[in-house]
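No lab work stands behind these numbers, since they all come straight from the coordinates. Remember, predicted model here, so these are calculated numbers, not experimental data. Note that we place each Cβ from the backbone using ideal geometry, even for glycine, and neighbour counts take in every protein chain shown.
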Amino acid sequence: MRRIARPKTFAAVALGIAALPGCASLPEDGFSPIPQAEAPAFDPLVFFAGRTEGRGTLDKGVLGTVPVRVESEGELTAPGVLTLRQIVYEGDKPARERTWRIARIGQATYRGDLTDAYGPVEGWASGNMLTLRYTMEGNYDVTQRLTLSPDGDRATNAMKVEFLGARVAVLTEEIVRNR
């Protein structure tokens, strides 16, 4: 069930968002410096098991662009279930922790939760691309497209954040497995 933002918060965000449409954008839908391919298949339970590090930029439109770094440690906590603990560094903000739990529910489909999401995280893989969708606090809709490199050791993450159908932020990130 989705939570609705408090009226004051919602009004302030809505006014801010009204000025932002089109300010943050991906070059193209499905953008990824790694081409989409049938192989290797993107399995997040395999890719994110162990340590990974992501580095990228978060474009917040008129609010500017900030560097982002994410340190992750993933482990299989049950058959077909990955728990991924992350520390997120975003610009000058204090580091924050979050935890994903992703379960395989079909051959290439996933469902889970994220500590800073409301409702479920849903995901599906097609070849080397994994798509994740969820809603964040404040009713922001998030879509992430992760594309796995041919060697399976890195992935690009193109994430868009939308509010009331308008794109308000875009993250582009490279994630590297630390073996």
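Brief remarks follow.
- Residue in region 88-97 that is surrounded by fewer than 16 Cβ atoms within 10 Å (Cβ to Cβ) and hydrophobic (A, V, I, L, M, F, W, C) present: yes
Residues are listed down the side, and each one gets a yes or a no for (1) under 18 Å from Leu84 (Cβ atoms); (2) free of Cβ contacts under 8 Å to residues at least 24 places away in the same chain:
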site: Tyr118; (1), (2): no, no
site: Met129; (1), (2): no, no
site: Tyr134; (1), (2): yes, yes
site: Arg145; (1), (2): yes, no
site: Lys160; (1), (2): no, no
site: Leu164; (1), (2): no, no
site: Ala169; (1), (2): no, no
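- Which numbered condition Arg179 fails, given (1) surrounded by fewer than 19 Cβ atoms within 10 Å (Cβ to Cβ); (2) touching a residue at least 60 places away in the same chain (Cβ under 8 Å); (3) over 15 Å from Phe48 (Cβ atoms): (3)
- Taken over region 155-175, the residue count meeting the criterion of being of a type in the set (S, T, N, Q), closer than 20 Å to Arg51 by Cβ and under 10 Å from the mean Cα position of the chain (by Cα) is 1.
- Only one entry in Gly106, Gly152 is over 19 Å from Gly54 (Cβ atoms) and surrounded by fewer than 19 Cβ atoms within 10 Å (Cβ to Cβ), namely Gly106.
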